[in-house]
Structure formats: structure tokens, C-alpha cells
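The values are calculated or read from the model by the stated rules, or taken from the named source; none is laboratory data. Note that the coordinates shown come from a computational prediction; the quantities given were computed from them, not determined experimentally. Backbone-built Cβ (ideal geometry, glycine too); neighbour counts: all protein chains shown.
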Amino acid sequence: MAKGFFQVPTAINEPVKSYAPGTPEREEVLKQYKAYYNGSVDVPLYIGAEEIRTGNTKKITPPHDHKHVVGQYHTAEKKHVEQAIQNCLESRKKWAALTWEQRAAIFLKAAELIAGPYRQKMNAATMMVQSKNVFQAEIDAACEIIDFLRFNVEYMSQIYMEQPDSAEGIWNRVEYRPLEGFIYAITPFNFTAIAGNLPASAAMMGNVVVWKPSDSQVFSAKVIMDVFKEAGLPDGVINMVTGDPVMITNTILDNADFSGIHFTGSTTVFKNLWKQIGTNIEKYKTYPRIVGETGGKDFIIAHPSAKVEQVATAITRGAFEFQGQKCSAASRVYLPKSTATEILKLVKKDVESFNKPGSPEDFSNFITAVIHEGAFDKLAGYIDQAKTDADAEIVVGGGYDKSVGYFIEPTVILTTNPKYVTMETELFGPVVTVYIYEDADWSETLQLVDNTSIYALTGAVLASDRYAIDEATKALENCAGNFYINDKPTGAVVGQQPFGGARASGTNDKAGSAQNLLRWVSPRLIKETFVTPENYRYPFLG
Ligand code: NAD
């Protein structure tokens with residue numbers, strides 16, 4: 001604290017722009033998209049004050065147009081990762097000592113830069129390399145990251161205000177110290193906002209960070225680094241390294257000063273990181289904080305009392321927006337026999353009204369490409385399997401084509417087997433599987449929802465019967481960290497629905513909340529006594 005108890009600006013959610021025909025934002029984002037499409041971005045490593053170009057490069061190609069190259073990124077060698085760690089530790093000396101309002105100002109400025117001059121750079125880069133349509137880019141790469149930055153500043157100031165009582169003659173104070181050492185942030189491809197938030201939230205609390213973005217997100221990661229630099233984030237506070245995840249991770253997890261991991265990505269990778277940290281535990285100076293948000297197999301269950309149009313819309317939007325590549329995307333659906341045919345008919349109609357999957361540059365495309373060839377091949381494999389398996393059939397979709405882009409048609413699989421492979425496995429694509437239950441088996445079906453998947457990220461119940469809603473809310477208590485009533489299971493908003501799941505879906509440290517920020521501090525209690533005893537004898541000793 002400097003010389004005042006400063007109140008931070010009240011955080012408000014960034015309004016979502018419409019990009020409707022004739023709006024200035026539509027024109028601006030298309031102009032930026034074209035400039036990126038015809039340009040050639042060069043993404044360096046950001047280590048301390050340096051931008052390092054190693055010369056070992058990989059191409060950056062849009063998933064919807066994978067023969068077209070829009071740039072390259074440089075990959076790190078072990079020595080660069082070590083250099084990034086050294087820079088962190090050097091920068092920590094000044095950064096950890098900086099008064100909090102100066103840190104707050106940097107991240108508030110970053111939010112305003114994204115809301116203004118960088119908005120269309122963030123959006124166009126996200127459309128280009130993550131193949132988001134403009135609306136999906138806007139709610140992620142503009143609004144959500146702005147919200148993370150603004151709300152986290154508010155939560156940070158609330159945390160600092162949380163102080164203990166003091167009895168007469170003493171003063172108790174708590175300092176929320178950053179962790180000793182450095183934090184390792186590993187981020188996924190699917191949200192530019194998450195990519196920015198994982199290093200930023202730890203840095204905001206006074207920590208220094210080595211950030212490894214996903215190979216499939218490096219373009220928008222560069223724009224984030226540009227924003228942080230322009231916002232005045234001192235060199236070396238966030239160091240960005242790209243390249244071989246195993247080598248980078250081994251180098252970091254071998255370091256005695258490693259003090260925490262902020263991860264979002266798949267469950268298998270996170271479990272292996274946890275194991276590796278456990279194996280290395282004797283090496284570390286402190287017990288590392290382990291925070292990870294991971295996979296999901298998110299459900300929708302409709303009660304016979306649910307309105308069919310509402311269920312169909314929850315499926316269409318919940319399963320297919322951003323090609324089902326949201327960790328929260330609906331991927332298993334339970335429908336009652338009495339309304340299932342009607343609901344499926346409506347979903348089919350919705351899906352048939354989409355254009356064929358295509359480029360996000362064409363604003364009439366609701367569905368664009370999946371992220372890369374590996375994802376495409378995996379999804380095509382499950383679709384082919386459903387075409388031949390006796391206990392599955394394709395209701396709509398089922399087509400795919402990777403000649404130009406990694407395009408998978410939105411697909412609904414209907415199964416008679418509630419434990420069918422696509423009811424249990426996270427596919428991470430525009431494929432949703434439906435199981436139809438007997439209306440009389442509502443309560444048993446809730447048990448089925450609870451015990452079918454290892455995950456517990458998001459889920460939704462749709463019903464108009466309040467007793468049914470109450471029963472589902474209780475029966476499904478532990479199978480979703482974000483539970484929705486009469487809504488789709490996607491679309492969490494920072495400051496309103498803190499996000500995270502349990503079981504195999506993560507440590508549930510709720511990104512975009514004070515709970516998350518508390519993982520990046522180590523409180524120090526200071527007790528000061530004003531009249532210090534000078535004799536050891538207590539009165540009872542006579
Ligand atoms: P991923 O696990 O493939 O990659 C995530 C990050 O881990 C990337 O930076 C990647 O390079 C890195 N990585 C990969 N292998 C590694 C290894 N062996 N060692 C160290 N790092 C490694 O995930 P993805 O495909 O980028 O993202 C999709 C996954 O993320 C899905 O499972 C999705 O459910 C999950 N996700 C979860 C949330 C959530 O909040 N729960 C949010 C977004 C995404």
C-alpha cells in the first residue's frame with residue numbers, strides 16, 4: 001500500500017458488439033483479417049526485454065485453409081527455457097516489491113487496449129488461427145479477456161482488504177505475498193481469453209511467469225504479448241516460450257524455483273504433470289501450487305415437462321458453437337421418449353439450416369473448421385465407427401472433408417447404449433450423442449448421468465416441473481462444477497458464473513474469481529504487540 005486505500009474502478013462486463021451488416025466493427029475486423037491473411041506474422045520467444053528468433057520455425061496456417069501460410073513461430077531450445085526462468089527470477093526482485101495499485105493499473109490498461117485499439121487484432125487473429133466465427137471471437141478474444149482483467153483487479157483489491165481482527169494492545173495484519181520462485185502457465189488452443197488469463201492472473205498478484213501457449217494459438221498469443229508490452233508490463237514478468245511441450249515442461253519442472261502451475265488443457269496431460277511434480281517434489285524449495293482446468297463430457301438432460309424448442313436450442317447452441325471445441329460444450333444428451341422425436345426433428349432442422357462448414361471470413365458461416373488434422377482424424381474416426389456400430393446411428397451430419405480446411409459437419413449420433421463410447425469419451429468437436437430414456441425412468445436416468453463419465457465440468461437440466469428441477473439439482477450435485485437450469489451448458493461470463501469443474505475436469509479453482517487468485521499468493525501474518533511483556537511469569541503462578 002502506498003499512501004491511500006485506493007478503490008479500483010468497478011468492474012463491468014464488456015458489452016458484446018453485434019457485427020451486424022453495416023456496423024463499423026464488421027468492416028474493421030474484416031479489414032484486419034485480410035491484412036493478416038495476406039501478411040506474414042513472425043512470432044518470437046519473449047524472454048526478458050528480448051524477442052528471440054531461434055530460426056527453428058514452424059508454419060502457422062488457418063485450420064479452415066490449411067494450405068495457406070500466414071506466418072511462422074520460433075521454437076525454443078532448452079537454453080532458452082533456462083534463460084526465461086532466469087529472467088523471471090531476476091524480474092521478481094522489482095515486480096514483487098511494486099505497490100499493488102501499479103500492477104492493477106497495468107492490467108486495467110491492458111483491458112482498455114483490448115477494448116479499443118487492439119480489439120480487432122485480437123479478434124482477427126483468433127478467427128484466423130483458431131477458426132472462430134466473428135461472434136465466437138468477440139465473446140472470447142475481446143470480451144472475456146477484458147472481463148478477466150477488470151474483474152481480477154477488483155478481486156485482487158478485495159483480497160488485500162481481507163484482514164484479521166486485532167485484540168487490545170496488538171495489531172494483526174495479513175500480507176498477500178506472491179509465491180517465491182516462478183509460475184508456469186500452460187494454455188490451450190480454444191480460448192484466447194484463457195491463454196491471456198492464466199499468465200496474467202498470477203502476474204497480477206505479483207508473481208513472475210513462464211508462459212507456454214498452445215502451438216495452435218501462437219498468433220493470438222503474440223497479440224496478447226503486444227498488448228501486455230504496450231500496457232507497460234515490465235520485461236521478464238511474463239516470458240513466452242513456444243515449442244516442444246515435453247522439453248519445455250521437463251526443463252521447468254526440474255527447476256528448484258518452480259512454485260506453481262496454472263494449466264488448462266486435457267486431463268491426460270494434466271495428470272502426467274501432476275505425477276511429474278510429485279516425482280520431483282524433493283527438488284523444490286516450496287510445495288508447488290497445482291491448478292488445472294481440464295476435460296469435460298458435458299450433459300444436457302431434458303425432463304418430459306421441458307419445452308421442446310428450448311431443449312433443441314440448448315443442444316444446437318450448446319453442442320455446435322465453435323464446432324463443439326468448448327470445454328463446456330454439450331456432448332451427451334438424455335431425452336425422454338415422449339418428446340425425443342420432436343426435439344430431434346427440431347435439432348435436425350437447425351443443423352440443416354447451417355451453411356456447410358467454411359471460413360470465418362464469410363459471416364454467414366455458423367460452423368467453421370476444427371483446430372488441426374489430429375482433431376479432424378479423431379472425429380472422423382468416431383463418426384465412421386457410429387456409422388457401422390449396431391447400437392448407434394447418425395441422425396444428422398456425419399460428413400467430413402479436409403481437402404481445404406478441417407471441416408466436420410455438425411453431427412448428432414443416436415445410441416441405444418447409454419455407455420456407448422461417444423457418451424463417455426471427450427471428443428472435443430461438433431459431435432453430440434443422444435440417448436433416449438423411458439419417461440418413467442427419470443430418477444434412474446439422473447443416476448446414469450452421474451456415473452457415466454469421469455468428468456464433472458458442466459451440465460444442464462431442462463424442465464418446467466419444479467420438483468424435477470429440485471431432484472436433478474440434488475442428484476447431480478457432484479457431476480458439474482457449473483450447473484445450468486433451463487439453459488445450455490456453455491457461455492460462462494466472468495464476474496457472473498465463475499468457471500471450473502471437479503472430478504477429472506480439474507481442481508475447480510474457478511477462473512475469474514477471487515478463489516483462483518488466492519492460489520497465487522502465500523499470506524504472511526504479521527502480529528505486532530504494542531506493550532511487550534518483560535517478565536515470563538503468568539499471574540496463575542502466584
Ligand atoms: P492439450 O492438453 O492438448 O494442450 C494444452 C496445453 O498443454 C498446450 O499448451 C499443449 O502444448 C500443452 N501440452 C500438450 N502435451 C503436453 C505435455 N506432454 N507436457 C506439457 N504440456 C503439454 O489441450 P488443447 O487441445 O489445447 O485444449 C483442449 C482441452 O482443454 C480439452 O480437453 C478441453 O476440455 C480442455 N479445456 C478445459 C477448460 C476448462 O476450463 N476446464 C477450458 C478450455 C479447455
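Applying the selection to region 269-313, what residues are under 16 Å from the mean Cα position of the chain (by Cα), assigned to a helix (DSSP H, G or I) and not aromatic (F, W, Y)?
The one that is under 16 Å from the mean Cα position of the chain (by Cα), assigned to a helix (DSSP H, G or I) and not aromatic (F, W, Y): V269.
Test I367 against the stated conditions and say whether it is away from the ligand (no atom under 16 Å from the Cβ), farther than 17 Å from Q325 by Cβ and in contact (Cβ under 8 Å) with a residue 40 or more places away in the chain.
no
Could you list all residues from region 23-46 that are surrounded by fewer than 17 Cβ atoms within 10 Å (Cβ to Cβ) and hydrophobic (A, V, I, L, M, F, W, C)?
Once the filter is applied, which keeps residues that are surrounded by fewer than 17 Cβ atoms within 10 Å (Cβ to Cβ) and hydrophobic (A, V, I, L, M, F, W, C), region 23-46 yields only A35.
Any residue in region 236-259 that's hydroxyl-bearing (S, T, Y): show its pairings with residues that are assigned to a helix (DSSP H, G or I) at Cβ separation under 6 Å, as long as the two are six or more apart or on different chains.
Sorted first by the residue in region 236-259, then by its partner, the pairs are T242/V218; T251/K78; T251/V81.
Here are some residues: E342, E321, E352. Which one is among the charged types (D, E, K, R), in a helix (DSSP H, G or I) and within 16 Å of the ligand (Cβ to nearest atom)?
From the options E342, E321, E352, the qualifying one is E321.
When region 477-504 is examined, which residues are found to be more than 12 Å from the chain's Cα centre (by Cα) and small (G, A, S)?
Hits for region 477-504 are A480, G481, G495, A502, A504.
Determine if region 276-287 includes at least one residue that is of a type outside the set (S, T, Y) and crowded, with 24+ Cβ neighbours inside 10 Å.
Looking through region 276-287, none of the residues is of a type outside the set (S, T, Y) and crowded, with 24+ Cβ neighbours inside 10 Å.
All but one of (1) in contact with a strand residue (DSSP E or B) (Cβ under 6 Å, 6 or more places away or on another chain); (2) within 11 Å of the ligand (Cβ to nearest atom); (3) farther than 15 Å from A84 by Cα hold for P304; which doesn't?
(2)
Please work out if E373 is within 16 Å of the ligand (Cβ to nearest atom) and surrounded by fewer than 24 Cβ atoms within 10 Å (Cβ to Cβ).
Answer is yes for this residue.
I'd like the full set of residues that are among the small types (G, A, S) and under 15 Å from K297 (Cα atoms), limited to region 439-477.
Once the filter is applied, which keeps residues that are among the small types (G, A, S) and under 15 Å from K297 (Cα atoms), region 439-477 yields S453, A456, G459, A460.
Which one of these is farther than 27 Å from T368 by Cβ and assigned by TED's automatic domain parsing to the domain that holds F135: K31, K94, K59?
Selected residue: K94, the only one of K31, K94, K59 that is farther than 27 Å from T368 by Cβ and assigned by TED's automatic domain parsing to the domain that holds F135.
Filter region 416-439 for residues that are away from the ligand (no atom under 16 Å from the Cβ) and of a type in the set (V, I, T); which is surrounded by the fewest Cβ atoms within 10 Å (Cβ to Cβ)?
T416
Conditions: (1) within 14 Å of the ligand (Cβ to nearest atom); (2) without any contact (Cβ under 8 Å) to a residue 40 or more places away in the chain. K283 meets all but one. Number of the miss?
Checking K283 against (1) within 14 Å of the ligand (Cβ to nearest atom); (2) without any contact (Cβ under 8 Å) to a residue 40 or more places away in the chain, the one that fails is (1).
Just to be sure I understand the filter: pairs with C-beta atoms under 8 Å, separated by 6 or more residues or on different chains, first member in region 329-344 and surrounded by fewer than 20 Cβ atoms within 10 Å (Cβ to Cβ), second member of a type in the set (V, I, T) and outside any helix (DSSP H, G or I). Which pairs pass?
Matching pairs, first to second residue: K337/I436.
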